[in-house]
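What follows is a single structure, written as structure tokens, with notes after it.
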Amino acid sequence: STSEADLVDGLFISKFVDGYEQDRVMELYNPTSQPIDAGSYTVEIIINSGTWCSTESDVVGCAAEFNRPIFTLSGAIQPGQTFVICHMETGYADRVPDGCDMRTELASWNGTDAVGLFRGSSLMDSVGEAGPSPGAGWTVCGVVDATANHELVRKPRVLKGNEGQLQAGDTVIGDQDL
């Protein structure tokens, strides 16, 4: 039989928004039965193209060399709850039911940037992937450039990040500027 421990491994990206101007929001979900210390997680943004610095032995040096935004989360995320990261100037925040748990100017990705969620040096989940730029954005669920100017929402059955980009079973919501 499959246990919860086999199915879940911590936080994952449950919603990702790349909208108009600074409307950048990422929701993380705790699918486990235990609180999770968000301080053990970081978010890294690869601007246009490159490799993950969080997997390097000199994370700080790599981030400085490549001007790579990396930020650490804080607080505790209760079982079945979300943690929402918003850009400081997002107008989208009023559409987040419980508001933003963290506001940062570093939440400044766009459709061509890869955004990774790390626990230590382990990539737990990402939107996009390391390597060359995808052009205008990555394809998700058959939607070309779905990571640009869209809201991406994981299906409720998803209980774990995929250590890669959002997959074909995920949902793309909306073609509008948010």
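The values are calculated or read from the model by the stated rules, or taken from the named source; none is laboratory data. Note that the structure is predicted; figures quoted are calculated from it, not measured. Cβ: placed from backbone, ideal geometry, glycine included. Neighbour counts: every protein chain shown. Accessible surface areas use protein heavy atoms only, side chains included; no ligands, DNA or RNA. Shrake-Rupley method; radii C 1.70, N 1.55, O 1.52, S 1.80 Å.
For segment 1-20: of the residues being open to solvent by 10 Å² or more (accessible area, probe 1.4 Å) and modelled with pLDDT of 75 or more, which is farthest from the chain's Cα centre (by Cα)?
Residues of segment 1-20 that are open to solvent by 10 Å² or more (accessible area, probe 1.4 Å), as a first pass: 1-9, 14-15, 20.
If we keep only those that are modelled with pLDDT of 75 or more as well, we get 9, 14-15.
Working: Asp9: 15, Ser14: 8, Lys15: 8 Å.
Only one residue tops the list, namely Asp9.
For (1) out of contact with any helix residue (DSSP H, G or I) (no Cβ under 6 Å at 6 or more places or on another chain); (2) modelled with pLDDT under 90; (3) within 16 Å of Lys15 (Cα to Cα), each residue gets a yes or a no:
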{"residue": "Ile46", "(1), (2), (3)": "yes, no, no"}
{"residue": "Thr72", "(1), (2), (3)": "yes, no, no"}
{"residue": "Cys100", "(1), (2), (3)": "no, yes, yes"}
{"residue": "Asn110", "(1), (2), (3)": "yes, yes, yes"}
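Return a yes/no flag: does segment 120-136 have any residue that is open to solvent by 70 Å² or more (accessible area, probe 1.4 Å) and closer than 19 Å to Arg154 by Cβ.
Within segment 120-136, one or more residues are open to solvent by 70 Å² or more (accessible area, probe 1.4 Å) and closer than 19 Å to Arg154 by Cβ.
Would you point out the residue of segment 24-47, among those that are assigned to a strand (DSSP E or B) and among the hydroxyl-bearing types (Ser, Thr, Tyr), that is most open to solvent (accessible area, probe 1.4 Å)? Explain how you work it out, then say what you get.
Pass one, segment 24-47, residues assigned to a strand (DSSP E or B): 24-29, 36-37, 41-46.
From what's left, among the hydroxyl-bearing types (Ser, Thr, Tyr): 29, 41-42.
Numbers: Tyr29: 64, Tyr41: 2, Thr42: 29 Å².
Among residues in segment 24-47 that are assigned to a strand (DSSP E or B) and among the hydroxyl-bearing types (Ser, Thr, Tyr), the one most open to solvent (accessible area, probe 1.4 Å) is Tyr29.
Show the residue pairs that are 6+ apart or on different chains and have beta-carbon atoms under 8 Å apart, the first residue being within segment 49-72 and in contact (Cβ under 8 Å) with a residue 60 or more places away in the chain, the second being open to solvent by 80 Å² or more (accessible area, probe 1.4 Å) and not β-branched (Val, Ile, Thr).
Matching pairs, first to second residue: Ser49/Pro132; Gly50/Phe66.
On the basis of being in a loop (DSSP other than H, G, I, E, B) and under 14 Å from the mean Cα position of the chain (by Cα), does Thr112 make the cut?
Details: in a loop (DSSP other than H, G, I, E, B): yes; under 14 Å from the mean Cα position of the chain (by Cα): yes.
The answer is yes for Thr112.
Quick one: how many residues across segment 103-119 are open to solvent by less than 50 Å² (accessible area, probe 1.4 Å) and either touching a Lys or Arg at 6+ places or on another chain (Cβ under 7 Å) or hydroxyl-bearing (Ser, Thr, Tyr) (or both)? If you could, list the steps in order and put the result at the bottom.
So the first thing to find is which residues in segment 103-119 are open to solvent by less than 50 Å² (accessible area, probe 1.4 Å), and the list is 104, 107, 109, 111-118.
Next cut, either touching a Lys or Arg at 6+ places or on another chain (Cβ under 7 Å) or hydroxyl-bearing (Ser, Thr, Tyr) (or both) only: 104, 107, 109, 112.
Qualifying residue count, segment 103-119: 4.
Counting just the residues of segment 48-92 that are aromatic (Phe, Trp, Tyr) and not in a helix (DSSP H, G or I), which one comes out surrounded by the most Cβ atoms within 10 Å (Cβ to Cβ)? It would help to see each step written out before you state the result.
Let us first name the residues in segment 48-92 that are aromatic (Phe, Trp, Tyr), namely 52, 66, 71, 83, 92.
Applying the additional criterion that residues be not in a helix (DSSP H, G or I) yields 52, 66, 71, 83.
Details: Trp52: 20, Phe66: 12, Phe71: 16, Phe83: 24.
This residue is Phe83.
Taking segment 147-161 as the search range and keeping residues that are modelled with pLDDT under 85 and assigned to a loop (DSSP other than H, G, I, E, B), which one is most open to solvent (accessible area, probe 1.4 Å)?
Restricting to residues being modelled with pLDDT under 85 and assigned to a loop (DSSP other than H, G, I, E, B), the top hit is Arg157.
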